[in-house]
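Asker: Before anything else, here's the structure in question.
The values are calculated or read from the model by the stated rules, or taken from the named source; none is laboratory data. Remember, predicted model here, so these are calculated numbers, not experimental data. So basically every Cβ, Gly included, is an ideal-geometry build from the backbone, and we count neighbours across all protein chains shown. When the accessible area is computed, the model is the full protein with side chains, heavy atoms only, and any ligands, DNA or RNA have been set aside. Shrake-Rupley method; radii C 1.70, N 1.55, O 1.52, S 1.80 Å.
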Amino acid sequence: MGQGTGWEDIPIGGMIVEAGNAVRYQTGEWRAFRPVVDQEECTNCLQCWVFCPDSSILVEDEEMVGFDYDHCKGCGICSAICPFDAIEMPAETTSG
Ligand code: SF4
Ligand code: SF4
């Protein structure tokens, strides 16, 4: 056997051991691109809310009001699906 790390040495990662515990995983820390909405272009059709796989589109009174950046992992689906090109995906910065 050669030296180095094999798959057996990798520590166990995130586990789903109870329903709903995924909310505690701050998947936003993975993000390389950050969704930013242009409220002037947004018509509140809420298609982004329907398609977001992380339930990270924030809605109040039936209006899209922003993103849950603790859990949005920057997949860009909301930007791709928006029929009004209201969401851009600039690169994430370390300054937040
Ligand atoms: S899909 Fe686009 S227009 Fe529709 S609510 Fe989301 S950001 Fe607004
Ligand atoms: S980038 Fe992905 S995870 Fe983040 S709000 Fe858009 S669809 Fe949801």
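Asker: So which cysteines in the chain don't have a second cysteine's C-beta under 4.7 Å from them?
Answerer: Cys42, Cys45, Cys52, Cys72, Cys75, Cys82
Asker: What percentage of the solvent-accessible surface of region 27-96, computed with a 1.4 Å probe over protein heavy atoms, is contributed by carbon and sulfur atoms? The partial results should precede the final answer.
Answerer: Details: 2280 of 4520 Å².
Summing carbon and sulfur atoms, their accessible area is 51 percent of the total for region 27-96.
Asker: Related question: Add -39500 (n - 2.57) for each DSSP H run of 4 or more in the chain, then divide by its residues: what number comes out at 222 nm, to the nearest 500 deg cm²/dmol?
Answerer: Details: 2 runs with 10 residues, N = 96.
It comes out at -2000 deg cm²/dmol, rounded to the nearest 500.
Asker: Treat each spin label as a single point 7 Å out from the Cα along the C-beta direction, and report the Trp7 to Ala22 distance in nm.
Answerer: With each label placed 7 Å out from Cα toward Cβ, I get 2.3 nm.
Asker: If you average 1/r over all unlike Cα pairs in the chain and invert the result, what Kirkwood radius do you get in angstrom? Don't skip to the end; give the middle numbers.
Answerer: Numbers: mean 1/r = 0.0655 Å⁻¹.
Every distinct Cα pair counted, the radius reaches 15.3 Å.
Asker: Turning to a different aspect of this structure: Quick one: accessible area per residue over region 8-96, 1.4 Å probe, rounded to a whole number of Å²? Write down the numbers at each step before the final one.
Answerer: Values: 6270 Å² over 89 residues.
That works out to 70 Å² for each residue.
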